[in-house]
Structure formats: structure tokens, C-alpha cells
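S.K.: So that we are looking at the same thing, I have put the structure below in C-alpha cells.
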Amino acid sequence: MRPAINDSTFLANSLRVSVLLILLLITLGCSVYYFWFGHSIIDAFYMTIITIATVGFGEVRPLDDEGKIFTSILILLSVFIFAYAVTSVSAYLVSINSVFDYKLRKMEKKISNLENHIIICGYGRNGRQAAEKLNSFGREFVVIEQDENALRDLADNGFLFVSGNATEDETLLKSGVKHAGNLITTLPSDTDNVFISLTSRQMNSKIKIVSRASDESSIRKLKFAGANNIIMPDKIGGDHMASLIVAPDLIEFLDNLSVSTHGNMNIQEIFLYNMPEVRTLRDLDIKDRTGCIIIGYKNSAGDYIINPDNDLAVSSEGRIIVLGNNEQIQKFNSVFNLG
């Protein structure tokens, strides 16, 4: 049975064969006209070109019977070879489109099957950094972008993407917003980020939204639209640079706690909704079981408790934040099945 998708490698080879046959045809014509019929090199080349191109120009000199027979054969050969070449080129172009369409359909199907994934709106500087960070941790995400150069970069990196405007409902639906767990919107326009946050919140009331903001006046609007966290890159960058001057060693230490380029981290969190038997932090016995230490607890109201006591009462809506070296964090993930 013939495959649905043509083999692009086979078609590429057909193109190369077509070019080779045309070059051989020109070489044959030039050689015969030059050596057999005594034409000059220029005349032999001219006769060959007008013959295989079938343009109907007159001969350089009258042809005898042998010349007429050879010229006729050359014309027939050129017709078959050029027909083969045109067929190969057409099939190759159709194949490229077919393979691209096939890959898009395959990607759309994969996106439609995602659950609790992350959507990144925009693949600019912030969006690209977010995608690379998530990719280093093996998290599933979909990028919404409409710039052709950015889409090519996404395809080259093997990232899932949806081509379109993130402010349009149809585009958000294609990215699986109804089944997503998180959404990051990094568009340069605060108005667009507000609209995306509002639309996404309406489509998925449980989704966690992190939005970029350029103007402080947009923070209240973004929160009203449903964004859980608002990040101002320019403000964070300025604060960080100033902090490196005021408390350089402390900031450098905190930077070393962040995610590394190899996907390792020194801080991890665990949700307690699957642990109804846990009443206090002591029940988890994290220090003895993993070597990590508990540095924070977030209760159901969203309040953080720094360096909590082991006898602190916890609820299933809370989450615990632990600190450890790479080996301890890996053991922590293994013990609590965090992957």
C-alpha cells in the first residue's frame, strides 16, 4: 500500500537525478555536435540548447541525415527528461507541504490530549526564557505565537506551539486552555495581557495565571482580570542590580538556590492535598527521611510562614517548601513521588 506521506529523501534524490540527467544531456549534445559534426564549441553548445529547449530557432549550418536523426533523438530525450524533472519538482513541493501539514496535525492532536500543561503567550525575551526553563525540567507546555521567525525557532527546538493571536478565543482553545494548569502571558502590551487573563479565567476558573506588566497602573487591572501573579521584569531587574550592591553575598547565595541550566534545583515544594493523614509538619519527618529542611509553609489563606515549627498544624490545602542540596532534593522527589 502506498504511504500517505511521500518519502522526502527519495524525492530529494529524484531532484538530484533530474539535474544530473539534464547536465548529461547537455554534455552529450555538445560532444556529438563538436566531435561528430565538427561544430565549434560555441556552436555546439548553442545547437544543444536550442534543440533540448525546442524553441524552433534555425540550425547553425544545414544538417545532413545523420545530424537530423541525432537532433530528433536529442529532442525526444529532452522531452522525457524535462517531464521527469517537472514531475520530481512538483512532487517534492507537494511533499514538503504534506509533511508540514502532517506535523501540524500531529502536534495539534498532541496538544488536544494534554492535561494540566502550561501555556506561554508570546515567544519574546521573557517567553523564550520561560520556555527554556520549563523545558529543562521536562514540563509540558504550549507556546502561542504569530511571528514567523519565532515559529521557525519553536519548530527547530521541537516545542509545541499554536500559530495565532493569543488574544483570540479560538487560539486559546487550540492551546488547550480549558485543560491547562498554568498560563504565562508575556506580551509587551499590558492591555493584551489583561484581555488574555480575563478570557483564560472565564474559560478555566482553576487555571493559575502569571502575567507580565510594564506599567504599575496595570497591576490592579490584571488582578481584577484573574491573574494570580504579576511580574514587572524591568522593576525586578533594577531591584536585583541594586541588591547586588547593597548585599552582594546574600543575593549571590539566593541566586545559587535558583534553578540551574541542567534542571537541578535546591528548593522544592510539596502539596498536601493527597496526604489527609498529615496533621503537623512533624508527621512528614522530612529531615530524617530526605535530609532536606523545611524553610516555609503556605497555608490555605495564602500566607507564608517562614521557618515553621515542627508542631505547626497543617491542612490539605497548604504546601511545604524545603531546602536541600541536589542529592537531598532528588531523594525528596523520590520519597514523595514528585517525579
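The values are calculated or read from the model by the stated rules, or taken from the named source; none is laboratory data. Not measured: the values here are computed from a predicted model. Every residue, glycine as well, gets a Cβ built from its backbone with ideal geometry; the counts of neighbours run over all protein chains shown.
S.K.: Scan the range 13-24 for residues that are under 18 Å from Tyr46 (Cβ atoms) and either in contact with a Cys (Cβ under 7 Å, 6 or more places away or on another chain) or at pLDDT 85 or above (or both) and jot them down.
M.R.: Leu23
S.K.: Output the qualifying pairs, or none if there are none: Cβ atoms under 6 angstrom, residues six or more apart or on different chains, first residue in the range 252-271 and under 23 Å from Leu284 (Cα atoms), second residue modelled with pLDDT under 55 and surrounded by 13 or more Cβ atoms within 10 Å (Cβ to Cβ).
M.R.: If the second residue must be modelled with pLDDT under 55 and surrounded by 13 or more Cβ atoms within 10 Å (Cβ to Cβ), the pairs left are Met265/Val259.
S.K.: Output the residues belonging to the range 135-171 that are among the aliphatic types (A, V, I, L, M) and part of a helix (DSSP H, G or I).
M.R.: Ala150, Leu151, Leu154, Ala155
S.K.: Here is a list: Lys133, Lys174, Lys178. Which entry is touching a strand residue (DSSP E or B) at 6+ places or on another chain (Cβ under 6 Å) and farther than 16 Å from Ser211 by Cα?
M.R.: Lys174
S.K.: Just checking, does the range 297-313 include any residue being among the aromatic types (Phe, Trp, Tyr), without any contact (Cβ under 8 Å) to a residue 60 or more places away in the chain and either within 14 Å of Leu272 (Cβ to Cβ) or in contact with an Asp or Glu (Cβ under 6 Å, 6 or more places away or on another chain) (or both)?
M.R.: Checking the range 297-313: at least one residue is among the aromatic types (Phe, Trp, Tyr), without any contact (Cβ under 8 Å) to a residue 60 or more places away in the chain and either within 14 Å of Leu272 (Cβ to Cβ) or in contact with an Asp or Glu (Cβ under 6 Å, 6 or more places away or on another chain) (or both).
S.K.: Now, a different point. What are the residue pairs meeting all of these: first residue in the range 172-199, first residue assigned to a loop (DSSP other than H, G, I, E, B), second residue buried (at least 23 other Cβ atoms within 10 Å of the Cβ) and of a type in the set (S, T, N, Q), Cβ atoms under 7 Å, and 6 or more apart or on different chains?
M.R.: Leu187/Asn193
S.K.: Return yes when Ser189 is out of contact with any helix residue (DSSP H, G or I) (no Cβ under 6 Å at 6 or more places or on another chain) and of a type in the set (S, T, N, Q) and no when it is not.
M.R.: yes
S.K.: Still on this structure: Just the residues that are under 20 Å from Gly127 (Cα atoms) and assigned to a helix (DSSP H, G or I), please, taken from the range 225-239.
M.R.: Residues satisfying the conditions are Pro233, Asp234, Lys235, Ile236, Gly237, Gly238.
S.K.: Would you mention how many residues in the range 287-309 are at pLDDT 90 or above and part of a loop (DSSP other than H, G, I, E, B)?
M.R.: Result for the range 287-309: 5.
S.K.: Can you find even one residue in the range 319-339 that is modelled with pLDDT of 85 or more and in a loop (DSSP other than H, G, I, E, B)?
M.R.: yes
S.K.: While we're here: Output the number of the condition that Asn6 fails; it satisfies all remaining conditions of (1) modelled with pLDDT of 80 or more; (2) under 30 Å from Lys103 (Cα atoms).
M.R.: Evaluating Asn6 over (1) modelled with pLDDT of 80 or more; (2) under 30 Å from Lys103 (Cα atoms) leaves (1) as the failure.
S.K.: Right, another one. What number of residues within the range 25-47 are buried (at least 18 other Cβ atoms within 10 Å of the Cβ) and within 15 Å of Lys68 (Cβ to Cβ)?
M.R.: 6
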